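Single-structure report; data block below.
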Amino acid sequence: MTLDLVVRGNRVVLPSGIVPAAIHIRDGVIASIEAYDVVPASAAVLDAGECVVMPGIVDTHVHLNDPGRDHWEGFATGTRAAAVGGVTTVVDMPLNSIPATTTVEGFHAKLAATMGNCSVDVGFWGGVVPGNADQIDPLLA
């Protein structure tokens, strides 16, 4: 088995608890989780020592005010801060940007603001406000 990387540490968070372990990664995907000492000689090793190794956090309520109010917090700063804090995915709330994500046009403007500015995965909530019932199905599509 050829691995790209083994990430190991003394404090790996697993469903069974916090234990020493080695995470075997192939093609960017976790292939297996093994005992701390199970490391093939050919694999690159990132030893986290006593640092906590855990799954990334998903934050489903984030206000990235891009476009229109990115001086408050936009995709570049907000997703970079998320990554530093261990968040791997954010889901943006729909109403703080200009335009809001309550129409397909607004969604396309929001999507354009992400280009080249995201340090983590980003999802979007579509807004439901008075008068946009005709936009719900197109936003979902």
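The values are calculated or read from the model by the stated rules, or taken from the named source; none is laboratory data. Since this is a predicted model, take the numbers as computed values, not measurements. Cβ: placed from backbone, ideal geometry, glycine included. Neighbour counts: every protein chain shown. Keep in mind that these areas ignore ligands, DNA and RNA; they rest on the heavy atoms of the full protein, side chains included. Shrake-Rupley method; radii C 1.70, N 1.55, O 1.52, S 1.80 Å.
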For segment 105-139, name all the residues that are in a helix (DSSP H, G or I) and farther than 26 Å from THR88 by Cα. GLU105, ALA133, ASP134, GLN135, ILE136, ASP137, PRO138
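Just checking, which of ASP66, ASP70 is under 30 Å from ASP92 (Cβ atoms) and in contact with a Leu (Cβ under 9 Å, 6 or more places away or on another chain)? If you could, list the steps in order and put the result at the bottom.
Working: ASP66 fails: in contact with a Leu (Cβ under 9 Å, 6 or more places away or on another chain).
It is ASP70.
Please tell me if THR79 is at pLDDT 95 or above, more than 30 Å from PRO15 (Cα to Cα) and not acidic (Asp, Glu).
On the way: at pLDDT 95 or above: yes; more than 30 Å from PRO15 (Cα to Cα): no; not acidic (Asp, Glu): yes.
So THR79 does not fit the description; no.
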Looking at (1) at pLDDT below 95; (2) surrounded by fewer than 17 Cβ atoms within 10 Å (Cβ to Cβ); (3) farther than 30 Å from GLY17 by Cα, can you tell me which one PRO55 breaks? (3)
Out of contact with any helix residue (DSSP H, G or I) (no Cβ under 8 Å at 6 or more places or on another chain), farther than 30 Å from LEU3 by Cβ and surrounded by 12 or more Cβ atoms within 10 Å (Cβ to Cβ): does that describe MET93? yes
Specify the residue that is most open to solvent (accessible area, probe 1.4 Å); the eligible residues are those in segment 1-52 that are under 30 Å from GLY78 (Cβ atoms) and more than 23 Å from the chain's Cα centre (by Cα). GLU50
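Every residue, every condition in (1) touching a helix residue (DSSP H, G or I) at 6+ places or on another chain (Cβ under 9 Å); (2) in contact (Cβ under 8 Å) with a residue 24 or more places away in the chain, yes or no:
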| site | (1), (2) |
| --- | --- |
| THR79 | yes, yes |
| PHE107 | yes, yes |
| ASP137 | no, no |
| ALA141 | yes, no |
As an exercise: evaluate MET115 against (1) surrounded by 14 or more Cβ atoms within 10 Å (Cβ to Cβ); (2) closer than 16 Å to PHE75 by Cβ and give the number of the one condition it does not meet. (1)
Considering each residue of segment 31-63, count those that are under 30 Å from PRO94 (Cβ atoms), touching a Ser or Thr at 6+ places or on another chain (Cβ under 9 Å) and part of a loop (DSSP other than H, G, I, E, B), and give that number. 3
Any residue in segment 47-74 that's aliphatic (A, V, I, L, M): show its pairings with residues that are open to solvent by 70 Å² or more (accessible area, probe 1.4 Å) at Cβ separation under 8 Å, as long as the two are six or more apart or on different chains. ALA48/ARG11; VAL52/ARG11; VAL52/ILE18; VAL53/ARG11
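Mind checking which residues of segment 1-30 are assigned to a loop (DSSP other than H, G, I, E, B) and over 15 Å from ALA41 (Cα atoms)?
First, pick out the residues of segment 1-30 that are assigned to a loop (DSSP other than H, G, I, E, B): 1-4, 15-16, 27-28.
Correct list: PRO15, SER16, ASP27, GLY28.
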